[in-house]
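Below is one structure, written out as C-alpha cells; the observations come after it.
Quick note: the coordinates plus some simple rules give every number you see, no bench work behind them. Quick caveat: nothing in here was measured; it's all calculated off a predicted structure. For neighbour counting, all protein chains shown are included, and Cβ atoms are generated from backbone atoms with ideal geometry for every residue, glycine included.
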Amino acid sequence: MPLVRASPESPPEPTPSAFAVRSQGASAIVVGAVAAGAVLILVTLGKADAAAGLLTAAVLVAVGAVLNLRALYRGAARQATPTDAVASPAPTDPGDVQTYVSALELAPNPILVVSAEEADDLAGRRIAFANASARELLRVAREGALLVAAMRNPNVLEAIDESLFGGIDRVVTYEAGGPQNRFWRVRTNPLPGTPARPRLALVIMEDETDIRINERMRADFLANASHELRTPLASLTGFIETLRGHAKDDETARDRFLAIMGRQAERMARLIEDLMSLSRIELSEHIRPSGICDLTVAVADVADALAPQLAAKGVTFEFGLPAKGAAWVAGDRDQLIQVVQNLLDNAIKYSPVGGAVKVDVDIDLTLDAAAVFRPDARRLSAPDGGRMSLQTPTWSADVRYAILRVADVGPGLARETLPRLTERFYRVEGQKSGERSGTGLGLAIVKHIVNRHRGGFLVESAPGQGAVFCVYFPMTQSPGGSQPGPKNDRNTPLTEPSVREEIKLS
Amino acid sequence: MRARIAPEFIFDMSMNEHTLKFFGEELNQLKAEVARMGGLAEAQVADAIAAVSERDVALAESVVGRDRRLDLLQHDIERKSIRLIALRQPVAQDLRRTVGAMKMASILERTGDYAKNIAKRALVISEGEPITPLTRAIERMGKLVAARLKDALDSYTSAELDQAMNVWQNDEEVDEHYNSLFRELLTYMISDPRMINSCAHMLFVAKNLERIGDYATNIAEIVHYEVTGEEIMGDRPKWGGAAREDAADPDLEA
C-alpha cells in the first residue's frame, strides 16, 4: 500500500490565532484519530461489517476535521492550500488534520464526500472530496467534479439524494459493468453541513466482487464438472465392467482396454486441472496482476518445453522476436506462460505434419495498432474468413502494448465459429484436435488471463487457410527502470537486431 | 484515426469564460441531466438482459414500468435545450453542446424503448422451456453491448475524444455476435419446432441489442462533433472486408 505523504508542502508557520484555537479542536481530533486508526485496521483485516459502522463514525469526524483544516490553512497561512474550500469558524491543528486526510486517502475503500445545492439542481451535486481509491476507480479529480460524471447508476444517485436531502442512511448494491465486472455495496450517510456547504453526504463503497463471483462460480463449476466428467467416467465404468466380465482372461483385450482407460483417466485429470485453473483465474480477474515478465523470454521458454511435441509431429516454429529485455509486460509470469503455452499447444495440435508455426512478438503498439496488427488480406477476403476481437481492453491513453502473434497452417475456422471460440467446452463441429484431445477450456483460460491483464485477444481465420491468434498486453518499464528496450515507432523498423531463428527439430 | 481539431474549437477555448455565469451553469445542468438519463438507460439495458438470462419476471416487469421515467427526462431535456437556445443564443461549442444534449436525450430514450421491448420478450421467453445455451449467448452479447454503452457514456461525461473514437471503431464485435447468434437460433428452430416461439423472441432480443450497440456508436459520433465541431468522415473500418457482404448477413437494414 503506497504511503501518502503526510504534508504535501512544508506546513505553514503556526500563527498566534492557530495557537489560540488549537486546544479547542484537540479533543475532537484525538477521537477522530483513534477512530480512523481503528477503521483502517478493521478494514485491512477484512472485517467489513464490523468496520462499516465505525468507519462511518471516523469519517464523520475526519471529514469535519478536513474541512476545518482547509479553513485554517486559508486563514492562517497566506496562500490557500491547492485544494481550497470551505470557510468554517472552528480551526484545528493543521498537522493533526493532515493525518486524517492521509487516513482517508489510505482507506482501501473508495470514499466520496458529496455536496449539493438545491434538490432540482443536478449540476450542483459535486464531489467535495474523493480519496485515492475513489479517484482511481471513478477517474475523477480530488475535488470539484460533477457527481454524475463519476457515478450514473440511478439507484446509487437516489440513495445519495436521500442522504443529502432526507437525512437518511442507505445501503444499495450495484454492478459496475465493463470487462472486469465489479460488484459494489454503496453506503450513503448524511454529514453535518458547513456554512459554505450546507448539504453534505458521505459515500463509502465496498467491493463485493469476491463474494458474488464465488457464489456464481460454485454453481458454474459444479455444472461444468459434472457434465464434462460424465463422458470419460462412463467409458471407464464400461471398461471396468467388461474387464470383470467376459474379457477377464483375454490378455490382449485387457492391455488394450487398460491403455484406453489410462487415457480417459488422464483426460479427466486434465479437465479437473483446467477447471481449477480457470476458477482460480476468474477469482482474481478483477485484481490487476503485480509482477512483470519478458514476453520474448516467456515464448522462448515455452517453445523449449514443447520440443518433444514438435519433434513428434515434425512441426517447426519460425520465430520473429525482439531482443531479450525489449518486451516487458506487466503481468503474472505463470499466467502469461500459460497463455503462450495454450496458444502454441493449439497451433501444434492443428498443424499438419511438417507444417510451420509462425510465432512473432512486436512491441510499442497503440491499442489501435494492436487491433489491426498484420492482417492477412488472403484470409480476410476468403468467402468464409474473417478477423474479430475476442477480448478488447478498456481504452486508456498512453498505454503501449506488446503483441504475440501465433499463426498456423491448419484447417482454419469458419467465420461464424469465431465469436464462440472462448466459450467453455465449445467445439468446432467436425474438427478433431488429434490424439491428445483438448479439454475445450484452453482458449477460455487465455481469454480470462488476458482480461485480467487488461490486454486484448484477436483471432483471424478462414477455412483451409490456417488460423492466427494474437494476444496483446500493456507494456511496462524494464526491471532496471531504464528504457524498455529499443523503441519501435510503428513506422520505423526495429533498430536493434531482432532474433530471427528457425528451430528444426524433426 | 485521430480527428483534426477544428479552428473553431481553438477559438472556443479563449471564449470559455462565459460572460454570463448562469449560462455556464445551465450548460452544466443540461450535461448532468443527460448523464443521469444515460445512467438510467444503462440500468434499463442491464436489467433487461438479466431478466432474459435469469428468467426473472419481476425484474422484467419493473423494467417495463420504469421506461416512463426516460420519456419524461427526454421531454425535460428537450424543453430545457430549446429554452436555452431561445434565450441565450449560444454559438460554437456551446451550441454544439446544447444540440448534443437534445440528440443524446432522444438516443437514450430510444435505447430505453429497446430495453423495454427486451423485457417484454423476457416475459414470454420465461414462460417457455429454458434453453440455457441460447440465453447464455444472449447474455454474452448483452454484456458486450452494455460495456459499449458504458464506454460511450463515459466518453460523453468526460469529453474524451480518443475514448469516443475507440467506441466508434469497434462495433464489429457486436455484429459478429449477432450473426453468430442468428445462425444458432435458426439451427435450434429447425431441429425442434417447439422452440420456435422462444427462439423467435430471442431473435428480436438479439436484434434489439444490436441496435443498442449502434446507438453507442451514435453517441460516440455526437461526442466527436461536440468536442471538435466536425462530423466523423468516412466509413468505419470493417475487418471482414468482402466476406461481410458475401456472408448470409441477416441484417437487411445495413
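Miscellaneous remarks
- Rg/Rh for region B:105-229, where both radii come from Cα atoms and Rh is the Kirkwood radius: 1.05
- Sites A:Ser290 and B:Arg194 - FRET efficiency at Förster radius 60 Å, r taken between beta-carbons, to 0.05: 0.70
- Prolate is the label for region A:355-433, because a/c, from the alpha-carbon gyration tensor with a ≥ b ≥ c as root eigenvalues, is 1.5 or above and a/b exceeds b/c.
- Length added when fully stretched, B:Thr187-B:Glu230, from 0.36 nm per residue minus Cα-Cα: 11.0 nm
- Sites B:Glu61 and A:Asp220 - FRET efficiency at Förster radius 25 Å, r taken between beta-carbons, to 0.05: 0.35
- Normalised contact order of region B:21-246, rounded percent, pairs of Cα under 8 Å and 6 or more residues apart: 26
- Over region A:209-287, volume per residue of the alpha carbon convex hull, in Å³: 66
- Amide H partners (placed H, <5 Å) of A:Gln391, local residues excluded: A:Phe457
- Extension gain for the segment A:Arg333 to A:Val171, taken as residue separation times 0.36 nm less the Cα-Cα distance, is 54.4 nm to one decimal.
- Spin-label model distance (nm) - A:Arg378 vs B:Glu129, 7 Å beyond Cα toward Cβ: 4.6
- Virtual spin-label span in nm between B:Asn218 and A:Ala234, 7 Å along Cα→Cβ: 5.0
- For region B:21-246, the spread of Cα positions along the three principal axes, ordered from largest to smallest, is 64, 43, 21 Å.
- Dipole magnitude of region A:178-337 about its Cα centre (Cβ charges: Lys, Arg +1; Asp, Glu -1), debye to nearest 20: 700
- Anisotropy class of region A:177-310 from Cα gyration tensor, a/c 1.5 cut: oblate
- For region A:299-370 and region A:206-281, distance of Cα centres in Å: 29
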